[in-house]
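Below you'll find the structure, written out as structure tokens, and then a few comments.
The values are calculated or read from the model by the stated rules, or taken from the named source; none is laboratory data. Note that the structure is predicted; figures quoted are calculated from it, not measured. Every residue, glycine among them, receives a Cβ derived from its backbone with ideal geometry; neighbour counts consider all protein chains shown. The accessibility values were calculated without ligands, DNA or RNA, using every heavy atom of the protein model including side chains. Shrake-Rupley method; radii C 1.70, N 1.55, O 1.52, S 1.80 Å.
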Amino acid sequence: MAAEIGLLLLIISLTLCLLTAMSPVMPACGVKLRLKPYQPLFVRLNSLAQMTSLFILAYLFLSNDFSVAYVANNSNTQLASLYKVAAVWGGHEGSMLFWIAAMGIWSCVLSLNPNHKGPFFHYLHAVLGAIQAGLIAFLLIGSNPFARLLPGIPVEGRDLNPILQDIGLILHPPLLFIGYVGLAVCFAAAVAALLDDSQPLKHHCRQMRPWAILAWAMLTGGNAFGSWWAYNELGWGGWWFWDPVENASFIPWLVATALMHSLILGERRDRFHGTSLFLAILGFSLCLLGTFLVRSGVVQSVHAFAADPLRGGAMLTLFALVSICGFTLLLHRLPRLHRQIDGNMLSRESLMQLGNLLLLVAAISILLGSCYPLLYEVASGQSISVGAPYFNSLFIPLTWLICLVMGAAPLMRWQVSNPGILRQLTALAAICLFISLTLNTLLLKEFAAHFLLGSFSCLWLLSCTGLYLHKRLATFTGAGDNRRCYAMCFAHLGVALSILGATCSSYFQQEELLRMGPGQGKEVAGYTFIYRATETVSHTSYSALQAKIEVRDRREQHLAYLYPQRQTFNSNAMQISAAGIHRSLFADLYISMGNRLSEEEFLIRISYKPLIGWIWIGGLIMIFAGLSLLLPRKVQQLSRAPSPQLAVKGA
């Protein structure tokens, strides 16, 4: 009965979404039925229906209701309760329902703000309602999460994919979906801004800015936790593979980064609003395109949710409708967006626009590399692959250019160039280049262009950020809201640390692939690894052969025991490798256990990965920087209050 209630709530939600979408349109079409005053009520009831439907699906997982096909395909009685909840969004149908419910929640949040009134917000909710209606129709027609398996109800479920039974499933997909919701709100705000002439574009873009920041922060977290999940779970020791499905979430992050900077620039200079609207439409369109890649089966990936051409076709249709409607409206309203652009080529706004252009070029380059094999196969019937060499050869130089602009732009003045700071930046660039070349000569056996670009980018961002802070503090008066400046510095610091971690782990990691058994040892990167024993481990979901490997440091003193496993899951006999990892601030020791080679020996991969953790430390700093901009101004003012008593209360 619960499944039928969940399905009924989705049908009710579809009806409410259609009413929300039509409410501003009916008067223009001559329909006398006035729905606009009830639009906030529709939005809130819709959110309630969607959330209740999602909770019902979670209840079906926790109660092991295998009469529901989605539950039977993604759970079983031995699955831990935490993963049963995470399994709600671990498959295609549930993840779509989670995305829809998240969009409903944020629509409700928007409707609860008493200041959100007027035509702009009516249009915004109408567009969000139309998007939700399309997604719910897609769910009901071909991806019903409440479909029953009747009359043959299985006694036991198939189990959640073992690769998904990790904390990464709890963090990674929800963050990505919340980021997609943020871009959906930006898309709806862009369409509303193009339809509403009652307020200037600057006012509408200011309404969009918090959602762009939220989308950027959540997509940052989604991509960071996704790479951390792959590093921990897949047993190969890498953190980014340029997989098409990985790229599907990374491309919107690049566009969201450009959108956030464009909105900041537009608010400061009252220019470039057309660029912001274009990026908002493009960002959400790319989310839908990425969803098509993940769910259609056109690409093969360990990350893919489903392989159903019919579902893929439906999602491609939705992508086409959203893109065509959004960009057609933008072109139609283009004369309204035209503004004369003034300012020096070396002014801050010019450099910020150049940075946005480079981000867009990077996004298009990755999109082309991800989709070209598909297009080539359709056109010629032959298969080709585009791998890491293509992406690295394009993205690393583009990252260097982006970092060059990123470091210099905050130090420049608005509208005019500054010869004094140009001389300082030139000297700083020469110093960073000299240090990078010296490091290349001392640490590597031969010249490595990508190492030079990575080390220079890191040094450049750190030195420019330090110089900016020095100048900022030297002229600090205590007046104004400085959180944007400090958030920017933290975000740029996070980028620098991530680049440092990626560069060092790529060029200085050491790895050995060994045949090891009890009593055997090997020295790697100055550490001694001794295979002590093979143990058998039992778990509710799996059994495992576990290697107990002692690690001794460079002074031959005991450092740690690592326990890589070869897990065999009870439900489907699938085997995966669970790595043993010793983490520290400066390096990870990473051991994965492969196939059995003899009665006592296994294939063991031992890796030394310097500074790899800084990739995710940088990501966390970027997330913190973004979320700090969303704090209410009262909290910010309280934190800067001069009164000691207020400071104590604020703490």
Are any residues in the range 537-578 hydroxyl-bearing (Ser, Thr, Tyr), under 30 Å from Asn73 (Cβ atoms) and either open to solvent by 50 Å² or more (accessible area, probe 1.4 Å) or part of a strand (DSSP E or B) (or both), and if so, which ones? Ser538, Thr540, Tyr542, Ser543, Thr568, Ser577
Lone unmet requirement of (1) small (Gly, Ala, Ser); (2) under 30 Å from Met593 (Cα atoms); (3) crowded, with 16+ Cβ neighbours inside 10 Å; (4) free of Cβ contacts under 8 Å to residues at least 24 places away in the same chain for Gly517: (4)
Please verify whether Val43 is surrounded by 23 or more Cβ atoms within 10 Å (Cβ to Cβ), of a type in the set (A, V, I, L, M) and more than 17 Å from Ser95 (Cα to Cα), treating the condition exactly as stated. yes
I'd like the full set of residues that are open to solvent by less than 10 Å² (accessible area, probe 1.4 Å) and touching a Cys at 6+ places or on another chain (Cβ under 9 Å), limited to the range 107-130. Leu128, Gly129
Considering only the range 113-142, how many residues are without any contact (Cβ under 8 Å) to a residue 12 or more places away in the chain and more than 18 Å from Leu35 (Cα to Cα)? 3
Kindly indicate whether Ile435 is under 20 Å from Ser498 (Cα atoms) and part of a helix (DSSP H, G or I). yes
Quick check on Ala533: is it among the small types (Gly, Ala, Ser) and either outside any helix (DSSP H, G or I) or in contact with a strand residue (DSSP E or B) (Cβ under 8 Å, 6 or more places away or on another chain) (or both)? yes
Return only the number of the condition from (1) open to solvent by less than 20 Å² (accessible area, probe 1.4 Å); (2) in a helix (DSSP H, G or I); (3) without any contact (Cβ under 8 Å) to a residue 60 or more places away in the chain; (4) not polar (S, T, N, Q) that Arg209 does not satisfy. (1)
May I ask you to verify whether Gly104 is of a type outside the set (S, T, N, Q), buried (at least 17 other Cβ atoms within 10 Å of the Cβ) and under 30 Å from Asp196 (Cα atoms)? yes
Consider Leu428 carefully, then state whether it is assigned to a helix (DSSP H, G or I), open to solvent by 20 Å² or more (accessible area, probe 1.4 Å) and out of contact with any Cys (no Cβ under 9 Å at 6 or more places or on another chain). no
Applying the selection to the range 254-264, what residues are surrounded by 24 or more Cβ atoms within 10 Å (Cβ to Cβ) and among the hydrophobic types (A, V, I, L, M, F, W, C)? Leu254, Val255, Ala256, Ala258, Leu259, Met260, Leu263
Residue match in the range 71-81 (condition: in contact with a Phe, Trp or Tyr (Cβ under 7 Å, 6 or more places away or on another chain) and within 18 Å of Ile167 (Cα to Cα)): yes
Output yes when any residue across the range 70-77 is closer than 30 Å to Ala212 by Cβ, open to solvent by less than 50 Å² (accessible area, probe 1.4 Å), in contact with a helix residue (DSSP H, G or I) (Cβ under 8 Å, 6 or more places away or on another chain) and not in a loop (DSSP other than H, G, I, E, B), and no when none is. no
Can you tell me which residue in the range 125-155 is nearest to Gly90 (Cα to Cα), limited to those that are outside any helix (DSSP H, G or I) and of a type in the set (Gly, Ala, Ser)? Ser143
Take the residues in the range 591-605 that are surrounded by 14 or more Cβ atoms within 10 Å (Cβ to Cβ) and in contact with a Lys or Arg (Cβ under 6 Å, 6 or more places away or on another chain), then tell me which one is farthest from Ser543 (Cα to Cα). Glu601
Residue selected from the range 161-204 under the condition part of a helix (DSSP H, G or I) and in contact with a strand residue (DSSP E or B) (Cβ under 9 Å, 6 or more places away or on another chain), by the criterion most open to solvent (accessible area, probe 1.4 Å): Ile163
Single unsatisfied condition, Glu349 versus (1) within 30 Å of Leu135 (Cβ to Cβ); (2) acidic (Asp, Glu); (3) touching a residue at least 24 places away in the same chain (Cβ under 8 Å): (1)
Residue among His492, His470 that alone is more than 25 Å from Gln546 (Cα to Cα) and either at pLDDT below 95 or open to solvent by 40 Å² or more (accessible area, probe 1.4 Å) (or both): His470
Quick one: which residue in Gln636, Gln645 is modelled with pLDDT under 95, open to solvent by 40 Å² or more (accessible area, probe 1.4 Å) and farther than 21 Å from Leu500 by Cα? Gln645
